[in-house]
Structure formats: C-alpha cells, structure tokens
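The values are calculated or read from the model by the stated rules, or taken from the named source; none is laboratory data. All of these numbers come straight from a predicted model, not from anything done at the bench. When we count neighbours, we look across all protein chains shown, and the Cβ atoms used for this are built from the backbone with ideal geometry, even at glycine.
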Amino acid sequence: MDSVECLVIGAGVVGLGVARALARRGREVVIAEAANLIGSETSSRNSEVIHAGIYYPAGSLKAKLCIEGKQALYAYCEERHVSHRRCGKLIVATDDGQISDLEAIRTKAETNGVMDMEWLTREQALAMEPQLHCVAALFSPSTGIIDSHGLMLAYQGEAEDHGAMLALGAPVIRGDAMNDGIVIETGGADPMKLKAKIVVNSAGFAAQGIAAKIKGVRPESIPGCYYAKGNYFVLSGVKVPFSRLIYPIPTPGGLGTHVTIDMGGQMRFGPDVEWIDAIDYTVDPKRGESFYEAVRQYWPALPDGSIQPGYCGIRPKLSRGASKAGDDFMIQGPDENGVPGLINLFGIESPGLTASLSIGEMVADMADEMV
C-alpha cells in the first residue's frame with residue numbers, strides 16, 4: 001500500500017482547482033478520476049458562464065465563493081491565456097408583472113456585493129440588443145463566458161507543475177478511516193490502494209455515493225442527491241442575433257431557458273429542468289418544442305425549425321424541486337462527517353466553475369488546519 005499526503009477524488013473543474021491549490025502549497029497530491037478523461041460530466045456539460053454572483057442568498061457559500069472566484073478567475077484567465085470574454089448579460093422582464101422580480105434581483109445582487117448592475121429601460125436594452133423584446137432589463141457587465149476545457153487543462157497543468165499526479169480510469173470502490181489516515185481503494189485497469197492524510201471527495205453527483213463507501217463516515221452526514229438534468233438546444237441556420245447573454249426571470253430549479261454564446265460564437269438555449277432518477281445524457285428532440293415558447297418571450301423573431309438538439313448536463317442538487325437559490329454548497333469537514341482528514345464537497349453545481357479557484361483555496365485552508 002502506497003501513502004500520499006493528499007488524495008483528491010474527481011478531476012472535474014472543482015477537483016482540479018482543489019488539486020492545484022493543494023499542490024501550490026507544497027502538498028503531495030494524487031487525483032483519482034473514475035473516467036478516462038478529465039471533466040467529462042458536469043464540468044463540460046454546462047453553459048460555460050462566468051457568473052457575477054447575482055442570484056444567491058446573502059451570506060451563502062455560493063454568493064461568497066462566486067464573487068471571490070469571479071474576480072480571481074478573470075485574472076487567472078489573463079495570466080494563463082485561457083480563452084474567455086467579458087461579454088455581459090441582460091436579465092429581462094418581458095411584461096410589467098415581472099418588474100418587481102427584476103427589482104428583487106437587483107437588491108439581492110447588491111446585498112451580495114455585486115454593485116455594477118445597471119437598470120435599463122426598454123429603449124436602452126433595445127439599443128444594446130435590437131432584436132430583444134422586454135419592458136425593462138438589468139445589465140450585468142461582469143458576467144462572461146469561458147472555455148471550460150481550456151480552464152481545466154490549465155488547472156491540471158499547474159497542479160502537475162507542482163508535483164501532482166493524475167490517475168484516470170480509477171473509480172473509488174471502498175475506503176476505510178484508520179488512526180493514521182484514510183485508506184482508499186480504486187478499481188479499473190490499474191487498481192490502487194492508497195493511504196492519505198487528507199482525502200477530498202470532489203466527485204460531483206457521485207460524491208454522496210463515494211462518501212457512503214468510506215467506512216467511518218457518519219451516515220447522517222451524507223445529504224440526498226437529486227439529479228436536475230438540463231437540456232441545451234442550439235441555434236441552426238440563422239444568424240446569431242445577440243452579442244450578450246440573455247436571461248429571463250429565474251424559474252424553480254434553474255435560471256430559466258436563457259441564451260448563451262460559446263467561445264466559437266455558437267448560440268445555445270437552455271438549460272431547462274428535467275428531474276431524473278438515473279444518469280442519462282440523451283436529449284429528447286421533443287423537448288425543443290417548449291423552448292420556442294420560452295425563447296419567444298424575449299426573442300419573438302425566433303424562426304420555426306431553427307432549434308436543434310445540442311447536449312445536456314446534470315446538476316447535483318441537495319433537494320428536489322428547490323429554487324436555484326434553495327441549496328447552498330456543502331463543504332464538509334471532519335466535525336460533520338466524523339472522519340479525520342476527510343473533506344466532502346456536496347451539491348457543487350452552478351456557480352461551481354466560477355467559484356472553482358475560491359473553493360480550491362477554501363479546501364486548502366481546511367487541509368492546512370488538519371495537518
């Protein structure tokens with residue numbers, strides 16, 4: 001059995017961000033990833049948006065880590081030459097009844113410390129995006145887009161530059177809390193048995209299952225995990241009408257069927273919210289029918305037949321049917337889980353990508369206190 005100082009389970013954007021932070025502090029790090037490539041699940045199946053920190057409850061980890069992470073992420077992308085663009089986004093009220101919702105969003109954003117929101121009249125919004133329909137809008141200039149895979153490669157490269165090692169195809173099959181560390185066994189083509197002083201469980205929607213495999217973890221410390229599938233559809237055969245992201249008023253479980261643009265200039269719609277009981281990455285073309293009605297609320301000129309199935313992602317929720325702000329990140333140490341040296345990351349959905357640097361630093365701080 002080999003020994004290592006820190007084992008990070010999961011090589012998504014947050015796991016790699018954690019490994020980077022630990023390695024930069026001089027810690028010996030191994031990253032165990034069940035898949036045969038990095039970031040193949042939630043980290044690569046999202047909107048690739050750098051969020052401003054607008055929607056989250058005041059005092060929540062989501063609000064704090066998103067705002068800290070946003071600032072750090074823009075600086076990191078400049079330093080490491082990760083493709084990104086601070087394009088901004090418009091949150092739109094499409095009828096007078098939504099004006100109060102827009103005002104509440106601005107208040108929540110300012111409470112969180114997002115002070116750059118701009119209130120736009122209909123005329124001001126249309127001057128920015130002529131094909132938009134709205135009665136008023138909020139403009140968030142600090143929202144942006146990013147190449148999520150490029151970001152993960154940068155995290156991986158920096159972690160490896162500081163001595164971290166990545167083991168792909170290494171699913172965790174069991175673990176055991178010992179007096180002098182945590183023993184983790186992995187399967188796959190090259191099974192490993194590692195004893196680590198610090199184990200960070202950053203396995204996304206698999207995190208609860210992995211925590212349950214580690215003997216000694218208090219069962220009551222493991223929250224439920226609910227799968228919120230988000231389907232994306234892409235614009236096809238039509239010139240992209242917007243240069244900024246367009247968001248409607250949020251809906252239960254998500255931020256509404258919004259418009260994002262990737263670094264290649266392709267426009268996509270989504271995600272919607274589809275509650276599922278098992279992992280399933282197929283996109284039902286019939287769901288696109290509901291997208292037309294949702295998108296035409298703010299883009300009436302959307303032509304028939306121009307929405308095509310794209311891809312989908314799965315968000316790990318801590319409760320089913322909660323509003324977007326209903327569940328906070330759960331970053332749980334030994335006081336909660338009962339295992340010295342174990343840090344569990346539960347419910348790390350959006351804005352996990354934006355917050356990945358700040359989550360990494362928070363976990364590294366926790367590790368410093370344990371060693």
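Table for the structure above
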read-out: Residues located in region 157-185, provided they are under 26 Å from R25 (Cα atoms) and among the β-branched types (V, I, T); value: V172, I182, V183, I184
read-out: Single residue of G347, G326, G341, G305 found to be surrounded by fewer than 16 Cβ atoms within 10 Å (Cβ to Cβ), at positive phi and either at pLDDT 95 or above or not charged (D, E, K, R) (or both); value: G305
read-out: Single unsatisfied condition, K317 versus (1) under 24 Å from the mean Cα position of the chain (by Cα); (2) among the charged types (D, E, K, R); (3) over 22 Å from E48 (Cα atoms); value: (3)
read-out: Candidates A211, A207, filtered to the one that is within 15 Å of L342 (Cα to Cα), touching a Cys at 6+ places or on another chain (Cβ under 9 Å) and aliphatic (A, V, I, L, M); value: A207
read-out: Qualifying residue in region 33-43 (condition: within 26 Å of M267 (Cβ to Cβ), assigned by TED's automatic domain parsing to the domain that holds L7 and among the charged types (D, E, K, R)); value: yes
read-out: Odd one out for A75 among (1) in contact (Cβ under 8 Å) with a residue 12 or more places away in the chain; (2) hydrophobic (A, V, I, L, M, F, W, C); (3) outside the structural domain of G341 (by TED's automatic domain parsing); (4) under 23 Å from I145 (Cβ atoms); value: (1)
read-out: Candidate set from region 151-191 (those that are polar (S, T, N, Q) and buried (at least 17 other Cβ atoms within 10 Å of the Cβ)); member that is nearest to E41 (Cα to Cα); value: Q156
read-out: Per-region count, region 192-225, residues assigned to a strand (DSSP E or B) and either over 18 Å from the mean Cα position of the chain (by Cα) or surrounded by fewer than 21 Cβ atoms within 10 Å (Cβ to Cβ) (or both); value: 10
read-out: Of all residues making up region 226-263, the number that are touching a strand residue (DSSP E or B) at 6+ places or on another chain (Cβ under 7 Å) and either small (G, A, S) or part of a strand (DSSP E or B) (or both); value: 20
read-out: Elements of type strands (runs of 3 or more DSSP E) in region 270-342, at least 2 residues being touching a Gly at 6+ places or on another chain (Cβ under 9 Å); value: 274-276, 307-317
